[in-house]
Amino acid sequence: MNENVLRAGLLDTAREMAHCGLNAGTAGNASVRCTRGFLITPTGRPYDELSPDDMALMGMDGSWHGPFAPSSEWRIHRDILAARPDVGAVLHAHSPFATALACHRRAIPAFHYMIARFGGTDVRCAPYATFGTQALSDGAIAALEGRRACLLANHGMLVLGGDLRGTLALAVEFENLCEQYWRACQLGEPHILCSAEMDEVLTLFKTYGQPRPTAPTPLAAEPGPA
């Protein structure tokens, strides 16, 4: 996709993160893969004051170009994109419910079958490490193995997707699931689906959201003359 289109899409995504309640102020960041490496939101800048040209262009070697320095979390974006060729966009947010669970360092078990939406029978929580460090990146990569989302202990959420639009939608869905789990826990520990139940769901989710193939239906013969 054209780099200018990606720049505009990345800025729109960053702004929409706030509108969706995933972030407040300058918290959070997003990136998208491009031909020359990846584009990432700049550090500490109000998104409503930025233009598409302000998105930082980064090489996989850590070099960058742009009027503002890249997000302090650029390393985690770079390492995910390097490790996961299936990923085209990465979103990091400090959303209320995901962050609340992350501050308890709680993985999210299969309390609801929609956990399968994120690639497995649970959503893991990566161990705590200072933001922007290699240790944080390494822990996130491990927590994301076979997954499309994880929590970062005492920090927030990470969500991966094929493109910006899909990743933002998945992040909104993940925050909703975190809220449901938080609310369910107010009544005590929720019942957890067993491995067999989740295996069945995971099989069904392999075609979730994809066009459903159908066998051609023979057309009815046209009625003859009366």
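The values are calculated or read from the model by the stated rules, or taken from the named source; none is laboratory data. Remember, predicted model here, so these are calculated numbers, not experimental data. FYI the Cβ positions are ideal-geometry reconstructions off the backbone, even for glycines, and counts take in every protein chain you see. SASA here: full protein model, heavy atoms, side chains in, ligands and nucleic acids out. Shrake-Rupley method; radii C 1.70, N 1.55, O 1.52, S 1.80 Å.
Just to verify a number: what accessible area does ASP199 come out at with the full protein assembly present, 1.4 Å probe, Å² rounded to tens?
Counting only protein heavy atoms, the figure is 90 Å².
Among the complete DSSP H segments of the chain, which ones combine at least 30 Å of alpha-carbon extent along their axis with a mean Kyte-Doolittle hydropathy of -0.5 or more?
Working: long enough: 164-185 (31 Å, 0.13).
Within the chain the helices that satisfy the rule are 164-185.
Once you place label points 7 Å from the Cα toward the Cβ at ARG183 and PHE68, how far apart are they in nm?
So the two model labels end up 3.5 nm from each other.
Report the FRET efficiency, 1/(1 + (r/R0)^6), for ALA135 and THR207, where r is their Cβ-Cβ distance and R0 is 35 Å, rounded to 0.05.
Numbers: r = 37 Å, r/R0 = 1.07.
In this case the efficiency is close to 0.40.
Taking the Kirkwood radius as the inverse of the mean 1/r across Cα pairs, report the Rg/Rh of the stretch 100-193. Spell out each step's value before the answer.
Working: Rg = 12.9 Å, Rh = 13.5 Å.
Across the stretch 100-193, the Cα-based Rg/Rh ratio is 0.96.
How high is the relative contact order of the stretch 56-119, in percent, with contacts defined as C-alpha pairs under 8 Å that are six or more residues apart? The partial results should precede the final answer.
Working: 28 pairs, mean separation 10.2, N = 64.
Averaging sequence separation for qualifying contacts and normalising by length gives 16 percent for the stretch 56-119.
To the nearest 10 square angstrom, how much accessible area does CYS194 have with a 1.4 angstrom probe?
That residue has around 60 Å² of solvent-accessible surface.
Summing +1 for each Lys or Arg and -1 for each Asp or Glu, what net charge is found among the other residues whose Cβ lies under 9 Å from the Cβ of GLY132? Could you put the intermediate results ahead of the total?
Details: positive: ARG75; negative: GLU73.
Here the charged neighbours net out to 0.
What does the charge count near ASP48 come to, summing +1 for each Lys or Arg and -1 for each Asp or Glu among other residues with Cβ under 14 Å from its Cβ?
Net charge around ASP48: -2.
Measuring from centroid to centroid over Cα atoms, what is the spacing of the stretch 137-162 and the stretch 16-82 in Å?
Comparing the Cα centres of the stretch 137-162 and the stretch 16-82, I get a distance of 17 Å.
Tally Lys/Arg at +1 and Asp/Glu at -1 over every other residue whose Cβ is under 14 Å from the Cβ of ASP199; what's the total?
Values: positive: LYS206; negative: ASP122, GLU197, GLU200.
Cβ neighbours under 14 Å give a net charge of -2.
Counting other Cβ atoms within 10 Å, which trypsin sites (Lys or Arg not before Pro) in the stretch 164-213 have at most 11 and lie in a DSSP loop?
On the way: sites: ARG165, ARG183, LYS206; in loops: LYS206.
Loop-located and lightly packed - LYS206.
Cα-based Rg of the chain per 2.2 N^0.38 Å, rounded to two decimals?
Working: Rg = 20.2 Å, N = 226, 2.2 N^0.38 = 17.3 Å.
It is 1.17.
Relative to 2.2 N^0.38 Å, what does the C-alpha radius of gyration of the stretch 1-121 come to as a ratio? Two decimals please.
On the way: Rg = 15.2 Å, N = 121, 2.2 N^0.38 = 13.6 Å.
Against the empirical 2.2 N^0.38 Å value, I get 1.11 for the stretch 1-121.
Show THR35, THR121, THR167 ordered by accessible area, largest first, where the area counts protein heavy atoms only and the probe is 1.4 Å. The partial results should precede the final answer.
Working: THR35 135, THR121 60, THR167 5 Å².
Sorted descending by solvent-accessible area, the residues read THR35, THR121, THR167.
Once every DSSP H run of n ≥ 4 in the chain is given -39500 (n - 2.57) and the sum is divided by its residues, what mean residue ellipticity at 222 nm do you get, rounded to the nearest 500 deg cm²/dmol?
Values: 6 runs with 78 residues, N = 226.
After summing the helix terms and dividing by the residues of the chain, the value is -11000 deg cm²/dmol.
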